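Read the structure below first, then the notes.
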Amino acid sequence: MKRNTVLLMSAAMGAQCAMASITTTYSNLGNMSASVGALTNALTVAAGDVVVMVGATNKKKSVNKLTFTSSAGTFVDLDTATQLANDANPNSYLSYLVIDTAGTYDFIGTTDVLGMTATVGAYKLSADSGLIELAAYNAKSYNMAVGESRSITNFMGWGSNANAGDYDGIATIGVGSSLRGTISNTDSVGGFFLDIDKSGKRLAGYSDRSGEVNVKHIWDITNADAANAESGGISGAAFAEVIPEPATLGFVVLSGAAILFIRRRFMV
């Protein structure tokens, strides 16, 4: 499944302009279960791409940990428990990896022990500029009484980032896990496209925030258990395409033209 956000940026070099975009491609790795403890998916990636692996689970990290690995590099963990330094029950996993070398690699999710119920997926983020950076991230955990309903906002802002003036496409990814209740996602601005929705308890999805300086991932949760408290974890991250300043683009174009001119001279 592909989604594209395309914006035009006028460059101060005559009638030339640069086309910039960020593209997300989602791949479903499958489900962890009592008999499945490892899931693998091969992705072909370019240098500068970002792979974001997500897992919506039914276990807390101290009981059964979900780990993401690849020969393409080392993932940075932004799951709920890592961000909040707690033991969210259950934990929502989100980890990212910036690709240094183009190729086709396996991306793998594994559990410590069999018995986790989880859906695992991978997002490949690609940008026309070839440069994507982590713009923001945040996490929430919650505990709810029997019969309680609550709306939880996971807010992320990137307007004050050093490179924010050069941001073009923005992709935000969110993961939410519920122990006993039901969970859904809405946004105050725009939409949230679900790629994982397992029994209303384990969700993950994508949101386009191009042109914005923040996002509110809003998670509506209801404790559906008549006798026990409800708990869970929510994680989110925003990734931005960084485009060169017009002056930089002009230098690159002029440099390329100069090289082409030199080559032509020597070829004559």
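The values are calculated or read from the model by the stated rules, or taken from the named source; none is laboratory data. Since the model is a prediction, treat every value here as computed from it, not as a measurement. All Cβ positions, even for glycine, are placed from backbone atoms using ideal geometry, and neighbour counts span all protein chains on display. Heads up: the accessible areas ignore ligands, DNA and RNA and are worked out on the full protein's heavy atoms, side chains in. Shrake-Rupley method; radii C 1.70, N 1.55, O 1.52, S 1.80 Å.
Among all residue pairs at least 6 apart or on different chains, which show Cβ distances below 6 Å where the first residue, located in segment 49-66, is of a type in the set (Asp, Glu) and the second is not in a strand (DSSP E or B)?
Here the result reads ASP49/ILE99, each pair linking segment 49-66 to a residue that is not in a strand (DSSP E or B).
Pick from segment 124-154 the residues that are out of contact with any Gly (no Cβ under 9 Å at 6 or more places or on another chain) and of a type in the set (Ser, Thr, Tyr): which of them is farthest from MET53 (Cα to Cα)?
SER151
Consider only pairs whose beta carbons are under 8 Å apart and that are at least six residues apart or on different chains; among these, list those whose first residue lies in segment 177-191 and is closer than 24 Å to ALA145 by Cα and at pLDDT below 90 and whose second residue is of a type in the set (Phe, Trp, Tyr) and not in a loop (DSSP other than H, G, I, E, B).
Taking only residues 6 or more apart or on different chains, the pairs are ASN185/TRP219.
Can you tell me which residue in segment 129-148 is most open to solvent (accessible area, probe 1.4 Å), limited to those that are part of a strand (DSSP E or B) and of a type in the set (S, T, N, Q)?
So, considering only residues that are part of a strand (DSSP E or B) and of a type in the set (S, T, N, Q), the one most open to solvent (accessible area, probe 1.4 Å) is ASN143.
Residues being assigned to a strand (DSSP E or B) and either among the aromatic types (Phe, Trp, Tyr) or open to solvent by 30 Å² or more (accessible area, probe 1.4 Å) (or both): count how many of those fall in segment 152-186.
Counting residues in segment 152-186 that are assigned to a strand (DSSP E or B) and either among the aromatic types (Phe, Trp, Tyr) or open to solvent by 30 Å² or more (accessible area, probe 1.4 Å) (or both) gives 7.
Determine if segment 163-175 includes at least one residue that is hydrophobic (A, V, I, L, M, F, W, C) and closer than 18 Å to LYS59 by Cβ.
Within segment 163-175, the first condition is being hydrophobic (A, V, I, L, M, F, W, C), and the residues that meet it are 164, 170-171, 173, 175.
Going one step further and asking which of them are closer than 18 Å to LYS59 by Cβ, we end up with 175.
Checked segment 163-175: at least one residue is hydrophobic (A, V, I, L, M, F, W, C) and closer than 18 Å to LYS59 by Cβ.
Which condition does TRP219 not pass, out of (1) closer than 12 Å to SER92 by Cβ; (2) within 13 Å of the chain's Cα centre (by Cα); (3) of a type in the set (Phe, Trp, Tyr), if it passes all the others?
(2)
Pick from segment 231-252 the residues that are surrounded by 17 or more Cβ atoms within 10 Å (Cβ to Cβ) and at pLDDT below 95: which of them is nearest to the chain's Cα centre (by Cα)? Reasoning before the result, please.
First, pick out the residues of segment 231-252 that are surrounded by 17 or more Cβ atoms within 10 Å (Cβ to Cβ): 231-244, 249.
Now drop any that are not at pLDDT below 95, which leaves 243-244, 249.
Numbers: ILE243: 19, PRO244: 23, LEU249: 28 Å.
Among those residues, the one meeting the criterion is ILE243.
May I ask you to list the residues in segment 108-132 that are within 18 Å of SER235 (Cβ to Cβ) and not small (Gly, Ala, Ser)?
Hits for segment 108-132 are THR111, MET116, THR117, THR119, VAL120, TYR123, LEU125.
Any idea which residue in segment 188-219 is farthest from GLY121 (Cα to Cα), counting only those that are loosely packed, with under 15 Cβ neighbours inside 10 Å and among the polar types (S, T, N, Q)?
The extreme case among them is SER188.
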